[in-house]
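Some notes on the structure that comes next.
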C-alpha cells in the first residue's frame, strides 16, 4: 500500500491504532529505519521489534478513540514531522475515561509513497495546561 502524503499515512496510523489492526499498522512503518517510543517505554528500533510492541498493545481488549488537536506540521520534499495532541477516549467495562498524550510522528518519502519512521508518545502533564503545540517557543 502506498500513502500519497504524510497526512494519509498518519490517518492510516490512527485508524489502525483504533481498530487494533496489526497488519494495517505495520503497512505504515518504513522497512529499513524506524523507531517507536510508547508512553513510559524504552526506544524500540526496527520494524520487527516495533511489530512485537504493537502486537502486545493490541492484545489488550480496550477500545480507544482518538481525536487529534493542536497539530503542528513541518514538511519538506522528503520528510515530514507532525506534532499532535492525542485526545484519547478509553471505553472500559466500568465506564470511560479520557487521557491526553503528546506525540511526535515523523514520516519519510520512500519511492512514490510515505512511511512512518518515528512515533514518540508521552503523557501530557497532569495539569493539562500544556501550551498548544502550535505555540511553542
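All of the numbers you see were taken from the coordinates with simple rules; none came from a lab. Quick caveat, the model's predicted, so the values are computed rather than measured. For neighbour counting, all protein chains shown are included, and Cβ atoms are generated from backbone atoms with ideal geometry for every residue, glycine included.
Computing Rg and the Kirkwood Rh from the Cα coordinates of the chain gives a ratio, Rg/Rh, of 0.96. If you run the Gaussian network model on the chain, springs between alpha carbon atoms under 10 Å, then out of 26, 116, 99 the most flexible one is 99. Exposure proxy ranking for 70, 77, based on other Cβ atoms within 10 angstrom of each Cβ and starting from the fewest, stands as 77, 70. Our summary gives the chain a relative contact order of 25 percent, counting only alpha carbon pairs under 8 angstrom and 6 or more residues apart.
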